[in-house]
Amino acid sequence: MANTLGRVVNFPVRATAARAGAAVSRAAADFNASVVRLTDEQAGVVDDWGRDPGLVRTIIRASRLRWDVTVGGDQRLPRRKGALIVVNARTRALAPIFSALALSEVVDRPVRFVGRPDTAPIGPFLRRIGGLLDHPDELAGALAGGQLVIMGAAHDERTRRVGRVDHALVGAALAAGVQVFPAATSSSPIGREARLEIGAASRSPRKRRGPLAELELADQVGVDIGLLLAEMGEIRTGTPLDWLPLSGIGGA
Amino acid sequence: MPLGSTAPAGDDESLAQAMPAPTRAAAEPINWRRVVLAFMVMGGKRVFVSGVGGELGTTIAGLLEAEDWVGELSGIDADPPRHRLHRTVFHRIHPDEHDRIVQTVASFNPHVLVHVGVWEPDARAAPEAAATLTDQAATSILGAAAECSALEHVVVRSGIEIYGRARGALTRPSESAPIAPTSEWGRTVAAIEHTAAKVGERVGVSVGAVRLAPVLGPHVPSPLGRLLRQPGVPFSVLADPPFAVIEDRDAARAIVSAARLGLAEPVNVVASGAITALQAARRGRRVPIPLVGPDWRIARGLSHLLGAPIPDHVSEALHRGRLADNGRMRELLGVTPDHGTIDVIDRLYHWPSIVHQPARIKVA
């Protein structure tokens, strides 16, 4: 019944007004986007997306026990508008989550991440700390509302490789009219050191009018993250012996 | 029917027969106020409000009376208006009186129809009765409006329950999200939108749907409001999801704007911010009652006995949340809510309770 209703409810001028309306909406969102400071957020309430600032602050403090994240390139992000940041991810590394927590602390703005499940109790908990569903419309709504959102590429166990970047989610950023930033992450399964390096906004190699725009942009983001990973190197370089004073490495 | 009065317009024949015919002096002085009012009315549009007896409908009629563009104003409901209305002609007709509704609407021949004659389950009627009444009213009123040659625009009251909260449903759906209701109330408002859209398509008039968040206000019969005001408020310990609400006056302003501007598409009308049941209980200094799984069945039964039944759409909001994107409200309606969700909830707990006054003279 629900699906049938979804197909038949069609307002007379809805189709014609939709495109213009969306454009005006985006413009209004850009204009009205008032940046909420992490430090000003009230505890004991949730925001429009169900994120609980008090809980986020607690989780940020707790996350320092596990990760010591160094963030770079945050100056490239827009100060008021929304943006999509795509990071590389490995299984169980929780890269989008630690990146969102660390980045929100650095830029003093709420940063959300894509990829929460919709099953209790994990789904509601992740929503409380800024999780969004893995759905293009959900992402487009948040980006149009001036939010910074982090999404992960598909998991790849190789540290220098980037998994597939979901072009449907990148398409949501294009629809919302916001920039897409590649970001490289590295973390250790045993150590606390972690890094997040944000690159310059990715641009599609060609100007397209159709769906190829998002496909090519998604590919380009993957390439840009790969370059950032190559520049960043490993989280630990060399062996401990390399750092001994008499090893001859490092000018000693 | 003279202008400037709230009175039954001959809809109650027995009352009309019982009342003596008004006598008129031969040389009655000219009532300039009425003349000016009549002049203004002639220049305006005829607006018909269904459901004018409810708190929301009465507030809408009150706001429409103050609008320059509104000429004649008429309304229909099964119950009389909650406040005094000065210009609105009220017809008290039950939704099952199809012929009288059609005759009343057709003879008024409105330019604009504002359809807020809907019954939320467990607000003023039990779920089955509410669905029947809503369906009867929608069929009669929208059907009658389609016969009106002057009709230009229809505004219907809908709800954000229309999006449903199935697994994987968007957290904060915008107006373009798929319609997939998962509660009785959601299916009801979807059916109203569907009927209105079909009528609009058929007779070539624009149709706007105002999708309201749960409406709360001091006099609004709301199952969610009643539940939150109970001494103990149940919440889902595993999820405790956020929901948003809207105050009745903000909702009424949005509907009046939709009528004035000729809204021709759906719009979400939701107060900014969100709150969870646990947070609401804490703000209202109520006892939060954590519930998991089968406890809810017991809680629903107890709550029903205590006078605050929990219909499926409220239960859904407490388990799965109820948010919607209100980003297009300002753009489409030119208004923003005066009160955020937290404000509305705080005000909910500041409404005065029933004050029992002892009789001054004891008669027994």
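Taken together, the values in this text are just the output of simple stated rules run on the coordinates, not laboratory data. Just so it is clear, the model here is predicted, and its values are computed rather than measured. Here Cβ is always computed from backbone atoms with ideal geometry, including for glycine, and neighbour counts include all displayed protein chains.
Please give every one of the lysines within straight-line cross-link reach of A:K81, meaning a C-alpha to C-alpha distance under 24 Å, and leave out same-chain neighbours fewer than 8 residues apart.
A:K81 reaches A:K207.
Kindly express, to the nearest 10 degrees and within the range 0 to 90, the angle between helix B:295-305's C-alpha long axis and the longest C-alpha principal axis of chain B.
40 degrees
Can you classify the stretch A:20-234 as rounded, prolate or oblate using the Cα gyration tensor, where a ≥ b ≥ c are the square roots of its eigenvalues, rounded means a/c under 1.5, and otherwise it's prolate if a/b beats b/c and oblate if not?
Judged from the Cα gyration tensor, the stretch A:20-234 comes out oblate (a/c at least 1.5, b/c at or above a/b).
Work out the FRET efficiency for B:T139 and A:A168 from their Cβ-Cβ distance, taking R0 = 60 Å, and round it to the nearest 0.05.
It comes out at approximately 0.90.
Placing +1 on the Cβ of each Lys and Arg and -1 on the Cβ of each Asp and Glu in the stretch B:268-342, which of B:G340, B:N268, B:W296 has its Cα farthest towards the positive end of the resulting dipole?
Towards the positive end, the residue furthest out is B:W296.
Could you tell me the distance between the Cα centroids of the stretch A:48-76 and the stretch B:297-312, to the nearest Å?
Comparing the Cα centres of the stretch A:48-76 and the stretch B:297-312, I get a distance of 40 Å.
Where does chain B land at 222 nm, in deg cm²/dmol rounded to the nearest 500, when only DSSP H runs of n ≥ 4 count, each adding -39500 (n - 2.57), divided by all residues?
Taking each H run of at least 4 residues, the total per residue is -11500 deg cm²/dmol.
Kindly identify chain B as rounded, prolate or oblate by the Cα gyration tensor criterion: order the square roots of the eigenvalues as a ≥ b ≥ c, call it rounded if a/c is under 1.5, otherwise compare a/b with b/c, prolate if a/b is larger, else oblate.
It is prolate, given that a/c is not under 1.5 and a/b is the larger ratio.
Which residues' amide hydrogens lie under 5 Å from the amide hydrogen of A:D134, considering only partners 5 or more residues apart or on another chain, with H built in the peptide plane?
For A:D134, the qualifying residues are A:G115, A:R116.
When the Cα centres of the stretch B:180-212 and the stretch A:83-146 are compared, how far apart do they sit, in Å?
34 Å
How far is the Cα center of the stretch B:313-364 from the Cα center of the stretch B:99-125, in Å?
24 Å
Among B:G75, B:G204, B:G51, determine the one that fluctuates most according to a GNM of chain B built with springs between C-alpha atoms less than 10 Å apart.
B:G204
Quick query: amide H of A:I150 versus all other amide H atoms, modeled in the peptide plane; which residues come in under 5 Å with a sequence gap of 5 or more or a different chain?
Here the answer is A:I85, A:R112, A:F113, A:V114, since their amide H atoms fall under 5 Å of that of A:I150.
Most exposed first by the Cβ proxy, i.e. fewest other Cβ within 10 Å, how do B:W351, B:W185 rank?
B:W351, B:W185
Could you list A:H155, B:H350, B:H91 in order of exposure, starting from the residue whose Cβ has the fewest other Cβ atoms within 10 Å?
B:H350, A:H155, B:H91
Applying the Karplus parametrisation 6.51 cos²θ - 1.76 cosθ + 1.60 with θ = phi - 60° to the phi angles of the stretch B:219-224, what ³J(HN,Hα) value in whole Hz is obtained for each residue in order, glycine and proline being reported as x?
For the stretch B:219-224, the Karplus-derived couplings read 10, 7, x, 10, x, 5 Hz, x marking Gly and Pro.
What list do you get for B:F48, A:F125 if you sort them by fewest beta carbons within 10 Å?
Fewest-to-most Cβ neighbours within 10 Å comes out as A:F125, B:F48.
Which residues' amide hydrogens lie under 5 Å from the amide hydrogen of B:L212, considering only partners 5 or more residues apart or on another chain, with H built in the peptide plane?
When sequence neighbours closer than 5 places are left aside, the close amide H contacts are B:S158, B:G159, B:I160, B:V269.
Give a residue-ordered list of calculated ³J(HN,Hα) values for the stretch B:184-190 (Karplus: 6.51 cos²θ - 1.76 cosθ + 1.60, θ = phi - 60°; whole Hz; x for Gly, Pro).
In residue order, the calculated couplings are 4, 5, x, 5, 5, 5, 5 Hz.
How big is the charge dipole of the stretch A:20-234 about its Cα centre, in debye rounded to the nearest 20, if each Lys and Arg gets +1 on its Cβ and each Asp and Glu gets -1 on its Cβ?
Charge dipole of the stretch A:20-234: 160 debye, to the nearest 20.
For the stretch B:127-137, what does the Karplus curve 6.51 cos²θ - 1.76 cosθ + 1.60, with θ = phi - 60°, yield as ³J(HN,Hα) per residue in whole Hz, taken in order and with x for Gly and Pro?
Per residue, the Karplus-derived 3J(HN,Hα) values read x, 5, 5, 4, 5, 5, 4, 4, 5, 4, 5 Hz.
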